[in-house]
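Quick note: the coordinates plus some simple rules give every number you see, no bench work behind them. All values derive from a computational prediction rather than experimental measurement. Quick reminder, even Gly has a Cβ in these numbers, built from the backbone with ideal geometry, and neighbours come from all protein chains shown.
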Amino acid sequence: MILSVGRRVLARLVLLASMVAITAAEAWARVEAHIDLSRQRMTVYVDGRYYDTWKVSTGRAGYHTPRGTYRPYLLKRMHYSSKYDNAPMPYSIFFRGGYAIHGTDAVSRLGRPASHGCVRLHPRHAAELFSLVKRHGKRNTVIRITGVTPRAKPRSRVKRKYKTRRHYKRKAARSYRQARRNRLEIYTSGGLR
């Protein structure tokens, strides 16, 4: 009898401990978005496990993306920038002042600095990160930004495919001089034969 009561108590304790462990794991479920400015990549971890790596665009020359560790303070499914001509910012995750992680329609620029300081993502990846943050909560999300923004590569001089006004003026002057020479030769040689 004492043994069966002890087993019941032990079974209840094991059940209670497993319930506490499950709720503790859910409470500590963390989303970490690590943004490396040097590589222009974002690596996402969920519960300490690797989730995915995506290309990003951060602040270009003259604009910076703040480095540091932040927690998101505002999630907006669709936000329009009040600073930059109502530019659409889908799936915005604001982490410091007006700085946010958000989707962009300029996906061809991902992988190199191109923004005014925000962290731009492909809209599909921004939606995925947005849902992860929403599911796990803002308090359980960390945004870590490290590295140095790479310098913009100088543009190589590309030869113009179109001709300038100066080109046509030179060409006209050359042809005028050539025609004048031809007339002079004709005159000095005694005319056409």
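Subtract the Cα-Cα distance of V148 and R124 from 0.36 nm times their separation in residues, and report this length gain in nm to one decimal. Kindly include the intermediate steps, with their values, before the conclusion.
Numbers: separation 24, 0.36 × 24 = 8.64 nm, distance 2.59 nm.
Result for the pair: 6.1 nm of gain on full extension.
Find the percent of Cα-Cα distances in the stretch 25-146 that exceed 22 Å, and round it to a whole number. Don't skip to the answer; put the middle values down first.
Details: 1831 of 7381 pairs.
Every Cα pair in the stretch 25-146 considered, those over 22 Å come to 25 percent.
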Checklist entry - Order of Y73, Y45 from fewest to most other C-beta atoms within 10 Å? => result Y73, Y45
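Which net charge results for the neighbourhood of G68, defined as the other residues with beta-carbon distances under 10 angstrom from its beta-carbon, given Lys and Arg at +1 and Asp and Glu at -1?
Working: positive: R67, R96, R144; negative: none.
It works out to a net charge of +3.
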Checklist outcome for this item: Taking Y50, Y84 and counting other beta carbon atoms within 10 angstrom, the fewest-first order is Y50, Y84
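By counting other Cβ atoms within 10 Å of each Cβ, how are V44, V31, V119 ranked from fewest to most?
On the way: V44 18, V31 22, V119 25.
Taking fewest neighbouring Cβ atoms as first place, the list is V44, V31, V119.
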Next on the checklist: Let me check I've understood the local charge: for Y91, count other residues with C-beta under 12 angstrom from its C-beta, Lys and Arg +1, Asp and Glu -1. What total comes out?
Outcome noted: +4
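So if I place +1 on the C-beta of Lys and Arg and -1 on the C-beta of Asp and Glu, and nothing else carries charge, what would the dipole magnitude of the stretch 38-95 be about its Cα centre? I want it in debye, nearest 20.
Working: 10 positive and 3 negative charges, 24 e Å.
In debye, rounded to 20, the stretch 38-95 gives about 120.
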